[in-house]
Amino acid sequence: MANESVLVIGGGVAGVSSALKLAEDGFQVYLVERGPIIGGQAALFCCKATEKCSQCSVCLVPEKILEVAANPQISVVVNSEVVGISGGIGDFKVDLLQKPGFVDPEKCIACGICTELCPSEPQKGIYLPFPETAPRTYIIDKNQCLRFKGAECNVCQDNCPAGAIDFEQKPKELEVSAVIVATGFEVFDAREKGLLGYGRYSNVLTGLDLERIFATGDSVTLPSSGKCPRNIAFIQCVGSRDEYIGNGYCSQVCCKYAMRFAKLLQYQSPEAKVTIFYIDIQTAGKGFGEFYKECKETIRFVRGIPVEVCELSPNELEVKYEDLTKGKIAKESYDLVVLSVGIAPRKDSWDLARVLGINLGDYGFFDTQDTLDSNRTNVNGIFLAGTCQGPRDIPESIAHGIQAASKVIQTLTARAI
Amino acid sequence: MKAKGAFLPDIVAFCCAQSAYQSADAAGSMRITYPENIRVIRVPCAGRVDVLHILRAFEKGADGVLVLGCHEEACRHLSGNIRAKNRVQRVNTLLQEVGIDGKRVEMFTLAPNQGPRFARIANEVNERIKELGPSPVKSGA
Amino acid sequence: MIVAERKPLEDIREMIAGYKKILIVGCGTCVTICWAGGEKEVAVLSSQLRLASKKDRNELEILEATIERQCEKELVEALKDKVQQVEAVLSMGCGAGVQPIAEIFPDTPVYPALNTTFVGMPEGEGVWVETCRACGDCFLDKTGGICPIVRCAKGLLNGPCGGTNNGKCEVDPEKDCAWTLIYQRLERQGRLDVMRKYYPPRNFQAVIRPGKVEALPA
Amino acid sequence: MDKDLRLGVFLCDCGGTLSKVTDFSAIKAKLQKLSDVTYVGISHDLCLKRAQQAMQKDIKDKGINRVVVAACSPELHEKDFMNVVQSAGVNRHLLSMANIREQCFWAHPDKDKAAQKAMAQIGMAINRARFLEPVEQTQISVTKEVLIIGGGITGIQAAIELSNLNLKTTLVEKEAALGGKLNRFANLYPVQVSPEEVLATKLKQVAEGQNIYVLTSAELLDVSGEVGNFSARIKRGNGEFVRNFGAIIFATGYTTQFSSQIYGLELSNNIITQSQLEEMLKSSSEVKQIPKSVCFVTDISDEHSRVSPLSALRNALGIKEKFRGEVCVLCQNLKVDGAGLEKLYRDCRNKGVLFIKFDNSPRISKQDGKIKIEVEDVLMSGEQVTLPCDLLVLEETSVPPLDSKVLGSTLYMGLDAQGFYQENNVHLYPTASNREGIFFAGNCHADLDLMQALTDASNVALSAYQLLAQGKIAVEAEKVMVDPNKCRFCLTCIRACPHHAIQEAKVNHEKMVAQIADLACQGCGICAVVCPAKAIKPKDWSDEQILAEFELLGEYV
């Protein structure tokens, strides 16, 4: 399979898994990422282990990123988007619009001197977004960089020992035999559910916020007071199983992460009370039934999704929900409310769909050709991987990424004969 | 050389390369500091850490020993972290027999992406060992 | 095989108190296999002793050696030059190992670091159970290969007693009733008639201590 | 350790940033004083090719035979440096690294303390280097054929994909025909294709696949050997034969089991299990009396598999389509966390299927043949509902096939609490067993729906393919070594090895000793620790190396 090349669009966990498998098989892989670094959403998530591993699989991500960084077969193209494609399987021509990234991954040795010297204060204009990035490259933050504020600043460029910073970078064209689309998902924007108060009340967070908080520190405190939360409510299915907002599907991850976080919060402060409001608890998956049973011992499960969250005082939130046992509206107060936001298709999927000529299916996820093949699209040679095709958790995204790689290899093998 | 008076414990931390060692790196990358008197020794799995390694560390003058492995059920070798835990317990008793406080050796579990947790563990353990004072077998102690 | 356990450290320290230089001898056979006196355990013990002496600020130098079998005089001879260097020897063999060393080196005090517990077999990782009392008058032919003298809490020859309870022993409900096992084994072999016989008390005097076995010349 | 040690120490100040913090020339000076240190070099960017070429040259020119690199974390560039060392003609394992960036200068703002720690770390790495040992690379040739156990959809799919990848497969199925559950299911909702169709297309592909050798009414008896060259004993009819395979894929699926104690009900003509219903729906022959009202009870036991709730949904719709009539599904939690399940649930509702959720199990009684179901409907504030029902369908629990336990133990593969196969590490290696070269796919090891099972199949197929495609596997010979003179053959390591990589062997045809299979060994070092005779040495992590690292305790601090 040597000297054939494959384009993987999207540097999330699915795309990375595809890329690694393809590279292992001798393909030259272009891993194109719109953002400045690969790893995708999961790279910003946190470990949810207590004494025991809760098997959220987040820890697989940094490891895979390092593998990509170390793999000569994979060239990572960041800050880039696919704007055009021509030809067909075996010889696609792909136009990349490469937003200037300014820092050349090939040259940057991630020494950190640029950050040190960057005059932009307090927020630096160039930095390493988080450990284990790949490419292991510092990025320029246009909102902070003085140069982008009109100043004649060249400090980083002048002082970079590797000469990696270059404010003019050129677009690219790639020639590849096949394409894997792994553009991932968007976290549902909880603001669309205005009544739940996200964005208005400081102590209403989303699952994503918790991920970030635990990823950067190792404990959560109330945004309002800095105190440790004592009485926490999780609200499930925010943006999932909801035809009114056009997401008539189960996101498949929220029940699991909510219960893991609930356990983690209680591990952090054992006296914390946790309530989970739900429609149906999804417990399929190896060993998860047992985990649910464990949770039921320390966590209160309430059937029914609250309609409204109000702020009584900066440190007190009131959750209004229908008490199904009594059949009337009930009010309970909490100091922290976590919205279990689900997986939504990327709003810009349609643009890529147009560029590549592939179909969108239910709810705006990419569609497949054959009901029994979740990778093949209507365009021969273009395959799907991960959450851009439908909701998946991390292990499933990895598996699906590998499956896509397998389909590519099989298809190209068949052509070779 | 050590500043007189202020007691800086010598702490040996055996770190599983699959998890703890990477979390130590992460702590550094995130510029989260922890006591510099902790000597990290990289091992392929917490299951590689032998009762003997720990005892010898004390012979060489360690004031405390840390064994850091993967979270339970996250061991690549299924039982490595559990074995390590049991060995740490055995060392506890072996040290007690000798008359050294068993609390000088401890086991913790982490994930590779838990830099902050690594730093916290390092700090806590450092404080605990300071409380206990220099190891009684240490020359000059 | 012979199963042994290490003595508590303080007992061992008492024995070797006052010596400045000792030799710890491991045995490469039974006690290695039951994790009591192999090269590893020799290293652990000497490390412990060094720590203890450092702690109490009294000097103690330790030599280590592990030989194939301590119960063979020829093999023990190999220790000669090491023994000459030390004031005392600490044997990590079974009782049968300590004695040959003491005999070969009559001028050097030899101390046991282990308690020899029983003849048995491994049950799980790191667990050994007694299976033979070495009574010298084997009864297994009549019990389907299960020894009631060891495995029945009462050592009955004509079991089971009234206390057998769903296959468990009344003395220790954790343990299986040996006689239930025997019954099942014999039933399986269609030899239950063996159980109907009465067996008079054993005369363990049959073996005059110390026991001796003289095989025909090979 | 080597008599003639020539240590080369390569310091990297990471683009000059680290030397801003501390004086590298001072470190260099100190290091040069140490015994055996023949060369100390300072570089600014060892992670880049240019500097690595220079490093390679230095190693050659100075005749260095042990390399110490003090730079960023070994997690980042250790492999690169190993390659440099190798390219310089020194064994790639004679490299030892000191992490002076992440774990010193980046972690400790106090420059002097950071520098002291760095010095100590380098010292430790040097001490370790003295005890490094070479490990030779070799290749082991493998059998380019895969054995697949289980001819259900997962096994079939794996076979097809392997065949697409030009790898021979032998597909072993217990029963007389391939297809497994596809032969029993009446529909595959939410997948809008009939099981017959799916099976037909798949069997066509199997027939067309050049490299697929199908064995029906056959069973795997036993496996010996190691990854790359397993030899499997297979029983067919009353014949028996042995064949060699490079890898083995288990796709033995699951079976269902009805336990009446969950309900205190015995099965009868109008109380049936899901699988009985499947048969009923599948059979083309007309059913005697068509049930007017059908009730499903699911998610009632503590068993949380996907299988049973899903079949309730599938068949609720199926029965609605086939017989009309009242259909009602009772459950605690509706399981919709799979592709298209929420949609399927809505279809059911649109077609008029009634869903009732309970917290307390419904009371089911039977008077003169008539079934009466009383349940508190939690969605109606716990109101008592009594349901007439002339066909009650009860859930089954999914259990592993009978023989999986036996196979599991004969092949030293772990089983989980329910007796399904346990992956090597459930989330790290989803389809790998604890043994190299043995894989699990489908419901024999996890709780999957159809699409997930297919994904699983591709995953194992690719793993097996990438393991065997080259016809040989590169391996590090004796990276963990047993000293046959010290080994007492106590079996401790053999029992302890998590990957079953150790088995018995004879040295010069008599003494039995433990021997480590290089291919199967994953280098965790557990065996070395449990060995009571200290007979096992992992060359990259030997006791000497580890102990050498804290020789310097107390110094530099």
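Since every read-out is calculated from the coordinates, none of them should be taken as a lab result. Everything quoted here is computed from the prediction, not taken from an experiment. FYI the Cβ positions are ideal-geometry reconstructions off the backbone, even for glycines, and counts take in every protein chain you see.
So, counting K/R as plus one and D/E as minus one, what does the shell of residues with Cβ under 12 Å around C:GLY28 add up to? Please report the intermediate quantities before stating the final value.
Working: positive: C:LYS40, C:ARG69, D:LYS486, D:ARG488, D:LYS534; negative: C:GLU39, C:GLU41, C:GLU68, C:GLU72.
Computed value for this residue: +1.
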Which residue, C:LEU63, C:GLY155, C:ILE22, has the largest displacement toward the positive end of the dipole of chain C when charges sit on each Cβ (Lys, Arg +1; Asp, Glu -1)? C:GLY155
Please list the non-local residues whose amide H lies under 5 Å from the amide H of D:LEU221, H modeled 1.01 Å from N, same-chain partners needing a gap of 5 or more. D:ARG233, D:ILE234, D:LYS235
Which of the aspartates and glutamates could a cross-linker span from B:LYS130 if the Cα-Cα distance has to be under 17 Å and same-chain partners fewer than 8 positions apart are dropped? B:ASP10, B:GLU36, B:ASP63, B:ASP101, B:GLU106
Less than 19 Å apart at the alpha-carbon level, and either on another chain or at least 8 residues along: which aspartates and glutamates does that give for D:LYS322? D:GLU196, D:GLU197, D:GLU278, D:GLU279, D:GLU286, D:ASP347, D:ASP390
Across bins of 10 angstrom width beginning at 0, how are the C-alpha pair distances of chain D distributed, in whole percent? 3, 15, 19, 17, 15, 13, 10, 6, 2, 0
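Given charges of +1 on the Cβ of Lys and Arg and -1 on the Cβ of Asp and Glu, with all other atoms neutral, how large is the dipole of the stretch D:368-487 about its Cα centre, in debye to the nearest 20? Walk me through the intermediate numbers first.
Working: 7 positive and 18 negative charges, 171 e Å.
That gives the stretch D:368-487 a dipole magnitude of about 820 debye.
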Along the stretch C:27-43, Karplus-curve 3J(HN,Hα) (6.51, -1.76, 1.60; θ = phi - 60°) to the nearest Hz, with x for Gly and Pro, reads 10, x, 10, 3, 6, 5, 5, 9, 6, 10, x, x, 3, 4, 5, 4, 4
Once the other residues with Cβ under 9 Å from the Cβ of D:CYS14 are scored (Lys, Arg +1; Asp, Glu -1), what is the net sum? -1
Less than 23 Å apart at the alpha-carbon level, and either on another chain or at least 8 residues along: which lysines does that give for A:LYS172? A:LYS93, A:LYS99, A:LYS107, A:LYS142
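Relative contact order of chain A, please, whole-number percent, based on alpha carbon pairs below 8 angstrom and at least 6 residues apart. Mind dumping the intermediate values first?
Numbers: 914 pairs, mean separation 79.3, N = 417.
In percent, rounded to a whole number, it is 19.
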Write down the percent of antiparallel bridges among all DSSP beta bridges whose residues are both part of the stretch C:2-118, to the nearest 5. 20 percent
To the nearest 20 debye, chain D has a Cα-centred charge dipole, built from +1 on Lys and Arg Cβ and -1 on Asp and Glu Cβ, of 1060 debye
Round to the nearest 10 and give me the degree value, 0 to 90, for the angle of helix D:341-350's Cα axis relative to the longest principal axis of chain D. 20 degrees
Evaluated at q = 0.12, 0.14, 0.15, 0.16 Å⁻¹: base-10 log I(q)/I(0), Debye formula over Cα of the stretch D:266-398: -0.43, -0.59, -0.68, -0.78
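Over chain B, what is the relative contact order in percent, taking alpha-carbon pairs closer than 8 angstrom and at least six residues apart?
Working: 253 pairs, mean separation 49.0, N = 141.
Relative contact order for chain B comes out at 35 percent.
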Starting from the amide H of D:VAL69, placed 1.01 Å from N in the peptide plane, find each other amide H under 5 Å away whose residue is 5 or more places distant or on another chain. D:PHE10, D:SER96, D:MET97, D:ALA98
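May I ask you to work out the translational diffusion coefficient for the stretch D:7-133 at 37 °C, viscosity 0.692 mPa s, via Stokes-Einstein with Rh from the Kirkwood sum over Cα pairs, reported in whole µm²/s? Show your work: numbers first, answer last.
Numbers: Rh = 14.2 Å.
Result for D is 232 µm²/s.
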Test item: Cα-centred dipole of the stretch D:1-85, Lys/Arg +1 and Asp/Glu -1 on Cβ, debye: 220 debye
Tell me which residues come under 5 Å, amide H to amide H, from C:THR108 once H is placed; ignore anything under 5 positions away on its chain. none
Quick check: pseudo-label points 7 Å beyond the Cα along Cα→Cβ at A:GLU316 and D:LYS322, how many nm apart are they? 5.9 nm
Residue among A:VAL341, A:CYS118, B:PHE14 farthest towards the positive dipole end of the protein assembly as shown, charges placed on Cβ: B:PHE14
Among all lysine pairs in the stretch C:117-218 that are eight or more places apart or on different chains, how many have alpha carbons less than 18 angstrom apart? 4
Contour minus Cα-Cα distance for A:GLU243 and A:ARG200 (0.36 nm per residue): 13.0 nm
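If Rh is defined by the Kirkwood formula over all Cα pairs and Rg also comes from Cα, what ratio Rg/Rh do you get for the stretch B:13-141?
Numbers: Rg = 14.0 Å, Rh = 14.6 Å.
Using only Cα positions, Rg/Rh for the stretch B:13-141 is 0.96.
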Label zone at C:ALA134 (point 7 Å along Cα-to-Cβ), backbone N below 12 Å, the stretch C:57-77: C:71
Explain nothing, just compute: Karplus ³J(HN,Hα) = 6.51 cos²θ - 1.76 cosθ + 1.60, θ = phi - 60°, for every residue of the stretch C:107-112 in order, whole Hz, x for Gly and Pro. 7, 9, x, 10, 10, x
Convex hull volume per residue in cubic angstrom - Cα atoms of the protein assembly as shown: 220 Å³
In the protein assembly as shown, taking the dipole from +1 charges on Lys and Arg beta carbons and -1 charges on Asp and Glu beta carbons about the Cα centre, the listed residue (C:PRO200, D:VAL378, C:ALA4) farthest towards the positive end is C:PRO200
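Please figure out what share of the DSSP beta bridges in chain D is antiparallel and state it in percent, rounded to the nearest 5. Intermediate results must be reported in sequence, preceding the final value.
Values: 46 of 94 bridges.
Close to 50 percent.
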Relative to the first principal axis of the alpha-carbon coordinates of chain A, what is the inclination of helix A:394-416, with its axis defined by its Cα atoms, in degrees from 0 to 90 and to the nearest 10? 30 degrees
State, to one decimal in nm, how far the label point of D:LYS62 lies from the label point of C:PHE118, with both points 7 Å from Cα in the Cβ direction. 6.3 nm
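Net charge near D:ILE516, counting Lys/Arg +1 and Asp/Glu -1 over other residues with Cβ under 13 Å of its Cβ?
Details: positive: D:LYS479, D:LYS537, D:LYS539; negative: D:GLU226, D:GLU436, D:GLU476, D:GLU478, D:ASP483, D:GLU504, D:ASP518.
Residues close to D:ILE516 contribute a combined charge of -4.
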Going by alpha carbons, how many degrees (0 to 90, nearest 10) lie between the helix axis of C:95-104 and the longest principal axis of chain C? 40 degrees
Run the quick spin-label model on A:ILE213 and A:GLN73: label points 7 Å from Cα toward the beta carbon, then report their separation in nm to one decimal. 4.2 nm
What is the percent of Cα-Cα separations in the stretch C:2-118 that go past 23 Å? 20 percent
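Counting pairs of alpha carbon atoms under 8 Å apart in space and at least six apart in sequence, what relative contact order in percent does the stretch A:189-342 give? If you can, show how the numbers build up before the last one.
On the way: 281 pairs, mean separation 50.6, N = 154.
Relative CO of the stretch A:189-342 lands at 33 percent.
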Which FRET efficiency, nearest 0.05, do A:ASN380 and D:THR38 yield, Cβ-Cβ r, R0 51 Å? 0.25
